[in-house]
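Each value in this text was obtained by applying a stated rule to the coordinates, not by laboratory testing. As the structure is a computational prediction, the values presented were derived from the model and not from experiment. Heads up, the Cβs are rebuilt from the backbone with ideal geometry, glycines too, and the neighbour counts pull from every protein chain shown.
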Amino acid sequence: CCIAKAETFAVESDKGQSALYPYVDFVEDRDHSVTFDTIIALPETGWTHNKAEIFNKGYSESTWWLRVHLRNPSDGKLNRFLEISYPVLDYIDAYIVSSGALLQQYKLGDKYSFDKRPIEHRHFVLPLEWKSQETITVYLAVRSSSSIQVPLTLWEQHDFYNVDQTRTLIHGVYYGIMFV
């Protein structure tokens, strides 16, 4: 039936980006009845470990709950971005939890107003912050009329902006050549 939870990801202070697919657990909510309070109380046996390189459930009417545990093993505070690089998802409700307490909640997705995003970007980007030795858990409730794909990448903020500028430049050159 269900596989034990994924490992907790230890955030490295010197690593620019990390794909989080090996650390994702999920639950399918077919009738959209699961609430945040229900999901954080769910026993480990209720979660299934993601085995794919990208969480991908194709076209689905369900709400998919994902979670990933992220630990700061360093002696200092860390700030990172969590990027969901699939911009056609309709609804993403994100919850950031530490020690059972809700720290932050975000509503993302292309059905929500763009200016309500915590980081105004074409992809969905969540700012994350840890204290020294703290573990946070990110819960995502994802629903969409498009394919359910949730590629998660954890970024050091400076590297995120550098790579994003390069991507934007490449897209500009490509479309410029096509226009000419």
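Please turn the phi angles of segment 128-138 into ³J(HN,Hα) values with the Karplus equation 6.51 cos²θ - 1.76 cosθ + 1.60 (θ = phi - 60°), one per residue in order, whole Hz, x for glycine and proline.
10, 9, 10, 7, 4, 6, 8, 10, 10, 10, 9
Which trypsin sites (Lys or Arg not before Pro) from segment 88-142 combine a DSSP loop assignment with at most 15 other Cβ atoms within 10 Å?
Taking segment 88-142 and a limit of 15 other Cβ atoms within 10 Å, the loop trypsin sites (Lys or Arg not before Pro) found are Lys111, Arg122, Lys131.
Calculated from DSSP H runs of 4 or more alone, at -39500 (n - 2.57) each and per residue, what is the 222 nm mean residue ellipticity of the chain, nearest 500?
Values: 2 runs with 28 residues, N = 180.
It comes out at -5000 deg cm²/dmol, rounded to the nearest 500.
Through the Karplus equation 6.51 cos²θ - 1.76 cosθ + 1.60, θ set to phi - 60°, convert the phi angles of segment 44-49 into ³J(HN,Hα) values in whole Hz; use x for Gly and Pro.
So the J values, rounded to whole Hz, are 4, 5, x, 9, 10, 7.
Cut-off 10 angstrom, C-alpha nodes, Gaussian network model of the chain. Which of Leu128, Leu140, Leu103 fluctuates the most?
Maximum fluctuation in the GNM of the chain, among the listed residues, is at Leu103.
Test of the criteria: in segment 1-95, which trypsin sites (Lys or Arg not before Pro) are in a DSSP loop and have at most 13 other Cβ atoms within 10 angstrom of their Cβ?
Values: sites: Lys5, Lys15, Arg30, Lys51, Lys57, Arg67, Arg71, Lys77, Arg80; in loops: Lys5, Lys15, Arg30, Lys51, Lys77.
The qualifying sites are Lys15, Arg30, Lys51, Lys77.
Of the residues Phe36, Phe81, Phe124, which exhibits the maximal mean-square fluctuation in a Gaussian network model of the chain defined by a 10 Å Cα contact cut-off?
Highest fluctuation among the options: Phe36.
Explain nothing, just the number: dipole magnitude of the chain about its Cα centre with +1 on each Lys and Arg Cβ and -1 on each Asp and Glu Cβ, in debye rounded to the nearest 20.
On the way: 17 positive and 23 negative charges, 32 e Å.
Magnitude of the dipole: close to 160 debye.
Could you please report the charge total around Leu102, scoring K, R as +1 and D, E as -1 over all other residues with beta-carbon less than 15 angstrom from its beta-carbon?
Working: positive: Arg67, Lys107; negative: Asp37, Asp93, Glu129, Glu134.
So the surrounding residues net to -2.
Quick one: grab Rg to one decimal and Dmax as a whole number for segment 55-180, Cα atoms only, in Å.
Computed over the Cα atoms of segment 55-180, radius of gyration and Dmax are 16.1, 56 Å.
Count the DSSP beta bridges whose two residues both fall in the chain, then state the antiparallel fraction as a percent rounded to the nearest 5.
Numbers: 49 of 51 bridges.
In the chain, approximately 95 percent of DSSP beta bridges are antiparallel ones.
Taking H placed 1.01 Å from N in the peptide plane, check which residues at least 5 places from Ser145 or on another chain put their amide H under 5 Å from its amide H.
For Ser145, whose amide H was placed from the backbone, the distant partners under 5 Å are Asp90.
If R₀ is 41 angstrom, what is the calculated FRET efficiency for the pair Lys111 and Lys51, using the beta carbon separation as r and rounding to 0.05?
Values: r = 29 Å, r/R0 = 0.71.
Efficiency for this residue pair is about 0.90.
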